[in-house]
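One structure, as structure tokens, below. Some questions next.
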Amino acid sequence: MHAPVRAQNPRKKSAKAFWLKQLHTWHWVSSAISLIGLLLFAFTGITLNHAADVEGSPQTVTRSGTLPPALLKQVAPDDAGADAPDVKKPLPAPVAAWVEKEMAQNGAGVAEWSADEVYLALPRPGGDGWVSIDRHSGAVSSEATSRGWISYLNDLHKGRNAGDVWKWFIDIFAVACFLFALTGLVLLWLHSRKRPTTWPLVAMGLAIPAVLAIIFIH
């Protein structure tokens, strides 16, 4: 005679179903949010690992011009000596607008003001640039360098010269990836009884990079 099967507590069954549903929801939502970012970072992980082979030759564009007299007055040295050299401050708004129009460069940012020159460095993902203004003559020269879209994506991967908004995106993306991985781990644990290869595969994912690092990285 078989022993009676004990019925599962309905409240416990309901709680388990609720948390299982929550795990699946958080898992698919975090995966949807991080999907494109994961593809981007996985692709750029390969391109960064082979940067010397895939990055193109830099393309450089130089321009020159002269500030109008009215704008030159806004950057010229103070004859009274009140304008201390070697300070950092933005270009005056009209001068920045002129730089953007005539030099095709971003006039925003903090420039370095010396006694004879105003130098505005313009680093950006995938390239570099600068604008130099002679404070006496008003002569302006600029240079813009582009290293191609592969370099652009590589710099986004590293957060190099991408600004605060992109840094915030990377932080939010990292949280989404963490939730995706953590909820996936819990789901693996819940279904591991029916899938005996689960933990050997997880252990392999840890063991392979650990062994490679111990043996080949010195």
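The values are calculated or read from the model by the stated rules, or taken from the named source; none is laboratory data. Note that the structure is predicted; figures quoted are calculated from it, not measured. Because the Cβ atoms are built from the backbone with ideal geometry, glycine has one as well, and the counts that use them run over all protein chains shown.
Given the conditions (1) part of a helix (DSSP H, G or I); (2) at pLDDT 95 or above; (3) exposed (fewer than 13 other Cβ atoms within 10 Å of the Cβ); (4) of a type outside the set (D, E, K, R), and given that Thr62 satisfies all but one, which numbered condition is not satisfied?
(1)
Further question: Which is outside any helix (DSSP H, G or I) and either more than 30 Å from Asp116 (Cβ to Cβ) or at pLDDT 90 or above (or both), of Ser151, Ser141, Ser192?
Checking each option against the conditions leaves just Ser141.
Same structure, new question: Going by the conditions given, is Lys167 closer than 30 Å to Leu40 by Cβ and loosely packed, with under 14 Cβ neighbours inside 10 Å?
Answer is yes for this residue.
OK, next. Go through the stretch 39-53 and give me each residue that's aromatic (Phe, Trp, Tyr) and touching a Leu at 6+ places or on another chain (Cβ under 8 Å).
Listed by number, the list holds a single entry, Phe43.
Now for a separate question. What are the residues in the stretch 97-117 that are closer than 15 Å to Ser64 by Cβ and either in contact with a strand residue (DSSP E or B) (Cβ under 6 Å, 6 or more places away or on another chain) or surrounded by 15 or more Cβ atoms within 10 Å (Cβ to Cβ) (or both), if any?
Of everything in the stretch 97-117, those that are closer than 15 Å to Ser64 by Cβ and either in contact with a strand residue (DSSP E or B) (Cβ under 6 Å, 6 or more places away or on another chain) or surrounded by 15 or more Cβ atoms within 10 Å (Cβ to Cβ) (or both) turn out to be Trp98, Val99, Glu102, Met103, Gln105, Glu117.
Pairs, please: C-beta under 6 Å, at least 6 apart or cross-chain, first residue β-branched (Val, Ile, Thr) and in the stretch 45-59, second surrounded by fewer than 10 Cβ atoms within 10 Å (Cβ to Cβ) and in a loop (DSSP other than H, G, I, E, B)?
none
Tell me yes or no: at least one residue of the stretch 111-120 is in contact with a Lys or Arg (Cβ under 7 Å, 6 or more places away or on another chain) and in a loop (DSSP other than H, G, I, E, B).
Within the stretch 111-120, one or more residues are in contact with a Lys or Arg (Cβ under 7 Å, 6 or more places away or on another chain) and in a loop (DSSP other than H, G, I, E, B).
Here's the yes/no breakdown for (1) in a helix (DSSP H, G or I); (2) more than 30 Å from Lys158 (Cβ to Cβ); (3) modelled with pLDDT of 90 or more; (4) not hydroxyl-bearing (Ser, Thr, Tyr):
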residue	(1), (2), (3), (4)
Met1	no, yes, no, yes
Arg11	yes, yes, no, yes
Ser14	yes, yes, no, no
Ala17	yes, yes, no, yes
Leu23	yes, yes, no, yes
Ala32	yes, no, yes, yes
Leu35	yes, no, yes, yes
Leu40	yes, no, yes, yes
Gly45	yes, no, yes, yes
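What do you reckon, is Ser57 surrounded by 12 or more Cβ atoms within 10 Å (Cβ to Cβ) and hydroxyl-bearing (Ser, Thr, Tyr)?
The answer is no for Ser57.
Filter the stretch 118-139 for residues that are farther than 16 Å from Ala162 by Cα and either among the acidic types (Asp, Glu) or loosely packed, with under 14 Cβ neighbours inside 10 Å (or both) and give the result.
Tyr119, Asp134, His136, Ser137
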